[in-house]
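Engineer: Sharing a structure, written as structure tokens. Questions coming.
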Amino acid sequence: MLLLETKRLLLRPYKEEDWSSVHAYAKLKDFAQYDVWGPNTEQDSKKFVQDCILKNSNKNAYEYEFAITLKSSQKLIGGCSLRKVCEHSQVANIGYAVNPDYQKQGIATEATLTLLKHSFEALNVLLVFALCHTENKASAKVMEKCTMYKAGVVKNYFKLKTGPADAFRYEISRDQFLLLHVNV
């Protein structure tokens, strides 16, 4: 069971009972406005947590789904993922979602830096990328705070209910990360 720890956070595997904490933010209409999912029904949130548990149970996992919890209270306040492109790939993708009640506190940045560090130091990944809707300024800001650079635009990446939407692709290499984040 993979656990990642920061000063304020514990990134841990999901548990069955986490669905209600996930649902507290995943049910919000505007929460997933820049993504292909949401707003969730209770069944959607339960299925999401079950899918995360299943992915994390694979002994040869190359996809990791983490519940973001506050160390001080053990409260689940979001989630993040780290997915290698395939099992033996040296390229990975990261993503994150934080309950709006806990946004603008550096939670997503702290979790993302932890995922990057783990990718480069423990998983032998050479490049990590992340994607966000081109209008999602908050997500882009998180990636920029983590010193990821905007590599380009992926046209029509998102298939939203409102139609196709473009995504920014941000990247950082292991060498860049280790040079810029010596003390992380």
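The values are calculated or read from the model by the stated rules, or taken from the named source; none is laboratory data. Everything quoted here is computed from the prediction, not taken from an experiment. Note that we place each Cβ from the backbone using ideal geometry, even for glycine, and neighbour counts take in every protein chain shown. Only protein heavy atoms, including side chains, enter the accessible area calculation; ligands, DNA and RNA are left aside. Shrake-Rupley method; radii C 1.70, N 1.55, O 1.52, S 1.80 Å.
Engineer: Looking only at the stretch 154-178, which residues are surrounded by 13 or more Cβ atoms within 10 Å (Cβ to Cβ) and β-branched (V, I, T)? Even if it seems obvious, please write down each step before you answer.
Structural biologist: Going residue by residue through the stretch 154-178, those that are surrounded by 13 or more Cβ atoms within 10 Å (Cβ to Cβ) are 154, 157-158, 160, 165-174, 176-178.
Scanning the stretch 154-178 gives V154, I172.
Engineer: Just to verify a result, which residue in the stretch 7-25, among those that are open to solvent by less than 20 Å² (accessible area, probe 1.4 Å) and touching a residue at least 60 places away in the same chain (Cβ under 8 Å), is nearest to the chain's Cα centre (by Cα)?
Structural biologist: L11
Engineer: Looking at (1) at pLDDT 95 or above; (2) over 17 Å from L3 (Cβ atoms); (3) not aromatic (F, W, Y), which is the only condition S73 fails?
Structural biologist: (2)
The rows are residues; the columns are (1) among the basic types (K, R); (2) open to solvent by 10 Å² or more (accessible area, probe 1.4 Å); (3) over 19 Å from W37 (Cα atoms).
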position	(1), (2), (3)
K84	yes, yes, yes
V91	no, yes, yes
S119	no, no, yes
V128	no, no, yes
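Engineer: Ok, one more. Just need a number here: residues in the stretch 49-61 that are farther than 17 Å from Y25 by Cβ and either open to solvent by 70 Å² or more (accessible area, probe 1.4 Å) or of a type in the set (A, V, I, L, M, F, W, C) (or both).
Structural biologist: 9
Engineer: Within the group T114, T109, T41, which residue is open to solvent by 10 Å² or more (accessible area, probe 1.4 Å), without any contact (Cβ under 8 Å) to a residue 24 or more places away in the chain and of a type in the set (V, I, T)?
Structural biologist: T41
Engineer: Moving to a separate point now. Let me confirm something: among Y34, Y64, which residue is hydroxyl-bearing (S, T, Y), within 19 Å of H133 (Cα to Cα) and in contact (Cβ under 8 Å) with a residue 60 or more places away in the chain? Working first, answer last.
Structural biologist: Details: Y64 fails: within 19 Å of H133 (Cα to Cα).
Every option except Y34 fails the conditions.
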